[in-house]
Structure formats: C-alpha cells, structure tokens
Amino acid sequence: MKEIPAKYEARDIEKKWYQYWVDNNYFHSEPDDREPYVNVIPPPNVTGVLHMGHMLNNTIQDVLVRRARMLGKNAVWVPGTDHASIATEAKVVAKLKSEGIDKNTLSREEFLEHAWDWTEKHGGIILEQLKKLGASCDWDRTCFTMDETRSKSVLRVFVDLYEKGLIYRGVRMVNWDTQAQTAVSDEEVIYTEENSKLYYVKYKIQDEDNYLVIATTRPETILGDTAVCVNPDDPRFKHLKDKKVIVPILDRVVPVIFDSYVDMEFGTGCLKITPAHDINDYEIGIRHNLESIDIFNDDGTLNKSAQVFVGEDRFKARKLAVEKLEELGLIEKIEDYTNKVGRSERTNSVIEPKLSMQWFLKMEDLVKPAIKAVEDGEINIIPGKFKNVYRHWMDNVRDWCISRQLWWGHRIPAYYLPNSNEFVVAETEEQALQKAVEITKNTNLKISDLRQDNDVLDTWFSSWLWPISVFDGILKPENPDFKYYYPTNDLVTAPEILFFWVARMIIAGYEYPKQKPFTNVYLHGIVRDKLRRKMSKSLGNSPDPLDLIDKYGADGVRVGMLLCSPAGGDLLYDDSLPEQGRNFANKIWNAFRLIKNWEIDKNIQQPEHSKIAVEWLDAKINETIEVINKQFDDFRLSEALMTVYKLFWDDFSAWYLEIIKPEYQKPIDSKTYAQSIEYFKKLALLLSPFMPFIAEELWQFMKNDNDTESIVLAKWPISEKGNSKLIDEFNTCADVVANIRAIRQDKNIPQKEKLNLQIIRHDNYSDKFDLVIKKLTNLETISFVNEKPEMAVSFLVKNHEYFILLENLIDKDAEIKKIEEELKYAEGFLNSVNKKLSNEKFVANAPEKVIEIERKKLADAEAKISILKEQIQALKK
C-alpha cells in the first residue's frame, strides 16, 4: 500500500481528482432506463466571475446532484451562461471607451463583433472557476442563451406568442435607465429610501392675484406640466372649477382638473400633473385627455420641448430650476424630505419614468396555470414562506415590457415594410420577406427593403425558457433528451429572482410543454458579512472565492458555506467558517492516518470492548443514515451536513476510536481493523456529496476489488436494521464516562490513578458497556450496593445514582466547601422555579408542555439538592 502523507494537501489533491473525474466522463449523462435526476444551473452572466453567492448556490446544487448519482439515479446537471444584455453591453462600451472608441461611431454589426470577441474571451471564466469548487456539471451539455439553439428557440417563442395575440407594441410609461439608455422591467427597479427636498412652488391662478402652492420633489419637471389637479371632495378648492393656472418659468396656461387620486393630506392637497414623466400623472392624463410633453432625452438631459435648460443633465436642471423659481419669488419654502427613489438594479442610475414605444407581453392569462401549480402543490417552494410572496406578485402582475434599447441580445424579429410603420413578425428574414410579399402583393420586394426592429429582447425572455431550451424542447419537443430529462427536479436559486426568473420559467413551462419545469424550488439566503451587509465590491466586504479555495481547500469552503446556511436564511459569512471546514478535513485525514498506521496482528482475538463498540457504531451509522435521508428530503442540507459532521467528529473519532485504540505500541486485532475500515468507507460515502475531494482521496486508499473505481460511482449507504436500545445503552455509558472524567478533573485525580465505581442496585441496569467504561475511565472495579457509600462523590444518570469512592483521594474540607457553594446555587434555582409554578397567572396561561418542563426542573433540582446534602453529611463523618 502506498504511503499516506502526513499532511492533507488540498490544492494538489483537488486538481488531481477533478481532472480524473472529467477524463473518465463521470459527470456525463445520456438517457437510459434509470430514473433521471435533473438540475439546470441558474446561468451566471457570461462576463461574470465567481462571487460568494455563486459559491453557496453551486455548492448546494452539487451536493444534491452528487447524492442523486449515489442513489442510483441518472443525474445530470446542465451548466451554461446568460448573455446578460445590459451588463455585457455596459462592459463592452466601457472597454471600447478605454480604447478611445465611442459606441455611437460604430455600426450595429461592428459593435456586435466587439461584443462577441469580449464574450469569447471572458465567457468561459466563471465555468472554469466552478470546476475548482468541484461542480459535477455535465460540461458536454454547456449552453449559452445566445447560442444557435437557444436563439432560435427565443425567436420561435416570440413569433408564437405574437401570433397568439399575446405580444403587442405600444407607447407606454416605462422605467427608463438613462445610463444604459434602455427600458427596464418593474422587477429590475430597486427602491431605496433617500434624503430629498420637498419644494413648495407657487402657481398663479389666471386672472387672479392668488396662487396655488404645490409641493414637489422634482421642480425640473415643471417644464412638462400640462395641468394642476385637486381632489373633488376637497372643500378648499371648490372655487377652482373651470379655472386655469400659469406654469412657473414658462408661463404656460394649464387647466385645473379634479380627480380622486389626489391625496388631500399630502403636501398642500394640490398636485402638478406631468403625464410624460410620472406613471400616476400619465394615467390621470389619459383620463382627462391631457397633452404629454416629454422634456428628456434618452440620456437624461433636457430636450427642446423643455424650452429652457436644454442640454443640461436632469439633476443640474433641478438646481437651475430652483434658482430660477427663487429669483421669480415662486418658492414658498423648502423642506427636508425622505422618499423612495427607484434605481436600476444593473447600473444604480435613478430611474426616469418615460413614455416610450415598447414591446409588451400580456400576462393576465399566462400566469393562471403557474399560480395554480404552486397553490396545488404540484411545484413546491422551499421555504414555504415564499409561497405567499410568489402569489402576491402573480396576483398583481403587469404586462411584461420585453424590449430593450440595446444592440447585444436577441434582436426582435419584427420587420417593417418600406416607408411604413406596418410590420411582419417572423423567425427568419426569408420568412419575413414571404409574409411581406403576401401583405403588399409586391413580388419585387427584397430582404434589403425590410427594416428590422432595432430593439433586443429582455434577457429574461431567453432565460425563462432555460429548463426547456437546454434540452431543445422548443424546437424539437419530441427529441429523446427532452422527453427523458424534462421536467427537471430541483431548482436552486436565490429569493430575489423568484419573480424575474422562477415565476416566468413556470409560466413558460405551462405555456409550451404544458407541464411544470421543475418539482422543487429551493431558495437559499443571501451571503452577508458579520454586520449583516450584503457582500459587494463597493463595500469591500466580499472575499475572492478563489483565494478562499486556495487557502482553505474547496472542501473546506463548501463545508463553511453550508454549515450556516438554513433554507431561505441569510448566511453571515466569516473566515472562521471555511477555517472550520478545513479543520474538519484535517480531522478526517488524521483519523484515517491513525487507523492506517496501527500495526495489525491476525493472531489476537477481538477484545470484548471493541466488539461492543463495533456493534454500537454499526447501529449508530444506520440510525444516522435515516436521519440524513429525512433531512435531504426536507432540503435541510445544513442540518444534514452537521449530522454527518457530528457522526464523524463525536461518535467515530471521540468515542469509537478511543474505545478500540490499542495500547501504546501494541497491535490491533485484524477483525476490529477491518470493520473500522468498512465504517470509514461508509463515512466517506456520507461525506462525499459535501466534501467530494477528500472523500475520493480516502476512497482510493481504502477501496478493494469489490468497490467502484471512484467514489463518484459508489452507492449511497443503505440503512439496515437499527438498534435503538443499544444506542440508548451507549448514551448512558457516555454519560457515565463524562461524569467520571469530570470528577477526575474536578478533584485533580491523575488519569493513572485507578478508581472504583459503585452503583445503587436497580433492575434496568445493563452491563453491556462496563468494559468500555472501565477502559475509558481507568476503573479497577464496577460494583453494586444497596445504600450510599461513605467518602464518595455521586452523580446521576437517568435518575440512577453512581458513586466514585474517594477515600484517601481528596481534601475533605475543601470538598465540603465546594459542595456547599454548589448547594447554595441549586437552592436558589429551586426557589426561582417554585416562584414560577406558584404564579397562578403563569400556570393558567402557559402551554402544558412549558409547565411540564418547569415541573421536571423542579424535580431534578430537588433530587440534586438531596444528593448534595447527603454528600456533605458523608464527608463530615
């Protein structure tokens, strides 16, 4: 057998085994007779790099996929990346700018050449980084949302939805990102409370010397005002019926209108109406047939319609407007004000409500099957608390603005006829030309005569098809892969994209294959720092995951990420977490080396204490497998890891190895050794989904001719018949050992000093573990007595009294003093419990279970006080 290194070198071992797994194609799947287990990766941005959220998300996915393989399922985990229109285009524009190239000087085709170059250069980085984490993806199936199959799928769905009358084009109020210069969806707007100013502006009533005072946070938009509005039920403004007011700065005359939307309690009860730059004003404008004056360019500067401050940025224009209003004496007062400001999730730019011609998808009917699927339990959202969040969003869904004013992405397949706003929608230019000829009856039309829409589709319009399109289920719904692998099993993602992505995938699933895209949605929390701040580059609180892997090993980082990651709960990251994971790996390694370095003697019999330890550990492992299986079923992965952790650290290392360990420089019997190696194999199998690298390294040292070539191919351990009675008896043994060790420490009795244990005789005592107790605590005798011996210290285990004889081993006076202090504390505790139980209000209102706990505390305290008093009496004799 090859020599086992003294130190576990994670970096070398991880590189070696990952390459071995890939070379042997262990992660690849093809349809067969086995039950499939399918996960699709939430595709990271193609230009992205690994961050802490990716680490958590992909560790969870890998744990689920690896265990599914071990359960005998045909497991496949499909990787891929997202083209990320806004983010990628912004990076390409920044790169060009650094090279002295302005995007506006390039043609669309020239820009896209740069974008594809950037994508090919950076697109594979994050997937390569995932390999370092140990991600067992089927790399042969890697997809990209803009590869040929996915792109054709997107265009086919667009055309299909358009022909069903679900996609339409129209001018609507949208969320405009002035930095990216594109519309973004409602879900891509993040609202934060910010400190602003509330400006009270005077509007002169026409043909009167009076003014209306209107409070606004945006005085620059006064330039687009087309009305002033008051509530019809507000008695203060009844006299303004049929009146007009003069818009400050421009002296534009606009009507006073009445609408119940106006909140009489806010500001002065008067509202300026700017239909082109506020969604509520826009709707009021439609109701009252008001003119809309758009005063902003796409980049947030003022256009000619503003008449003044033309070309100035909107925030500079605000400052100039205030200065002008003050100069005209039209500012009554300015107050500090806290309001919610919408910012683009991608660029953090303040969103500008803007009237724009966009493409929309009608959602009202599409969401109905998706709502029913979650309500009926066909799709499970874990944790369940997010089910209500999902329902709230689906019940309040608006039509989806699916167009973006970008060049990078899936270009909308709408083709305009020559010199016309009339268009045809088709998957290809050739099909578009055919439709155009049919409409115009002009057989001389050429493709070059048609003009394709400039906009691209929202990135989510491709990723909502992901579970379908990765198996080519849109273009070829009858293909073997799609029929075998769809629907998928578990989707692992973050709650913040429950709307963006998860809900829309469910909608797409019921619209196209007519069935759910997955069975379970497992929502993990956000990785935060110790101060509960979300990790981000700008805060400088996010470590580089690759640095962590380099320092603590991939297994160490995986364990660290999972130990404190309950489903839906945020993970408060600290370097102590992966350090704990690394320490655990070292513990495993050192325990294995300990066993492997023991000398084996085939001629000695298995000691009785080892025989019972083997029997107990077998029962304990079987019991633990059942617990872990249930935790996996419930997606309590953090608890499952902790269960394996405790099984190895506590039961195997702290107890089992201590029991079977041969005396110094003496051999171990071959039977105990062989059984210990088999148990170590089971432990490696249980650890394998969580810590695949060290598990593989150990497997290669331990495997025999009957074992699989790699632990990746091995079967998940099966729980055999349990023995809860034996486990209970060992737990009693462990409590006895712990108490005796505590007495040694408390009384400063050296370990080499042999002790004698006496037990008050009772019928329920099992002597099965007596030899274990003797070995672990260095006892000379274990005997039974009918009454309490003198000069002994006692302890209770399961209401049975044990005594360690202390004759000639302790200082009586010091011991009496110590016990008296313990007695004083116990009496104080008993008094507090008695007070609680004598409180009639507490007894009447507390749950029965709580009262039972308090009564047990009372009984335990009384029993302890009685023992302590008897100990003092015995020492005084």
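The values are calculated or read from the model by the stated rules, or taken from the named source; none is laboratory data. Predicted model only: the values in this text are computed from it and were never measured. A quick note on method: Cβ atoms are made from the backbone with ideal geometry, for glycine too, and the neighbour counts reach across all protein chains shown. With ligands, DNA and RNA removed, areas are computed over all heavy atoms of the protein, side chains included. Shrake-Rupley method; radii C 1.70, N 1.55, O 1.52, S 1.80 Å.
A few notes on this one:
- Only one of Val253, Val230, Val262 that is touching a residue at least 24 places away in the same chain (Cβ under 8 Å) and under 22 Å from Gly329 (Cβ atoms): Val253
- Check on Glu854, in a helix (DSSP H, G or I), more than 29 Å from Ser783 (Cα to Cα), open to solvent by 70 Å² or more (accessible area, probe 1.4 Å) and not polar (S, T, N, Q): no
- Residue list for region 463-482, restricted to those being more than 16 Å from Ser29 (Cβ to Cβ) and in contact with a Gly (Cβ under 8 Å, 6 or more places away or on another chain): Trp466, Ile468
- Meets criteria (in a strand (DSSP E or B), open to solvent by 30 Å² or more (accessible area, probe 1.4 Å), more than 30 Å from Thr624 (Cα to Cα) and touching a helix residue (DSSP H, G or I) at 6+ places or on another chain (Cβ under 7 Å)) for Ile782: yes
- Meets criteria (open to solvent by 40 Å² or more (accessible area, probe 1.4 Å), touching a Phe, Trp or Tyr at 6+ places or on another chain (Cβ under 7 Å) and either part of a helix (DSSP H, G or I) or of a type in the set (Val, Ile, Thr) (or both)) for Asn739: yes
- Of all residues in region 479-506 being acidic (Asp, Glu) and open to solvent by 30 Å² or more (accessible area, probe 1.4 Å), the one that is modelled with the highest pLDDT: Asp481
- Qualifying residue in region 147-164 (condition: modelled with pLDDT under 90, not polar (S, T, N, Q) and not assigned by TED's automatic domain parsing to the domain that holds Asp242): no
- Filtered residues of region 156-170 (kept if open to solvent by less than 30 Å² (accessible area, probe 1.4 Å) and part of a strand (DSSP E or B)): Ile167, Gly170
- Residue identified as touching a residue at least 60 places away in the same chain (Cβ under 8 Å) and of a type in the set (D, E, K, R) among Lys841, Lys817, Lys877: Lys877
- One residue stands out among those in region 206-252 that are in contact with a strand residue (DSSP E or B) (Cβ under 7 Å, 6 or more places away or on another chain) and among the small types (Gly, Ala, Ser): the one that is farthest from Arg318 (Cα to Cα), which is Ala227.
- Residue check: Asp33 meets all listed conditions (1) open to solvent by 20 Å² or more (accessible area, probe 1.4 Å); (2) touching a residue at least 24 places away in the same chain (Cβ under 8 Å) but one, namely (2).
- The set of residues in region 795-819 that are open to solvent by 20 Å² or more (accessible area, probe 1.4 Å) and closer than 16 Å to Leu755 by Cα comprises Leu805, Glu807, Asn808, Leu809, Ile810.
- Among the residues of region 512-530, those that are of a type in the set (Lys, Arg) and modelled with pLDDT of 95 or more comprise Lys514, Lys516.
- Matching entry among Lys768, Lys721, Lys752, Lys788 (being touching a Ser or Thr at 6+ places or on another chain (Cβ under 8 Å), part of a loop (DSSP other than H, G, I, E, B) and open to solvent by 80 Å² or more (accessible area, probe 1.4 Å)): Lys788
- Test: residue in region 73-90 that is among the hydrophobic types (A, V, I, L, M, F, W, C), open to solvent by 40 Å² or more (accessible area, probe 1.4 Å), within 30 Å of Asp177 (Cβ to Cβ) and not in a loop (DSSP other than H, G, I, E, B): yes
- Of note, Arg391 does not satisfy the criterion of being among the basic types (Lys, Arg) and either open to solvent by less than 50 Å² (accessible area, probe 1.4 Å) or under 12 Å from Val184 (Cβ atoms) (or both).
- Meeting the requirement of 3 or more residues that are open to solvent by 20 Å² or more (accessible area, probe 1.4 Å), the helices (runs of 4 or more DSSP H) wholly within region 548-661 are 576-596, 608-633, 637-646.
- Residue match in region 672-680 (condition: surrounded by 21 or more Cβ atoms within 10 Å (Cβ to Cβ), under 30 Å from Val22 (Cβ atoms) and out of contact with any strand residue (DSSP E or B) (no Cβ under 6 Å at 6 or more places or on another chain)): yes
- Looking across region 128-146, just one residue is modelled with pLDDT under 95 and either surrounded by fewer than 17 Cβ atoms within 10 Å (Cβ to Cβ) or among the acidic types (Asp, Glu) (or both), and that is Glu128.
- Counted residues, region 247-286 - those being open to solvent by 40 Å² or more (accessible area, probe 1.4 Å) and more than 27 Å from Val350 (Cβ to Cβ): 6
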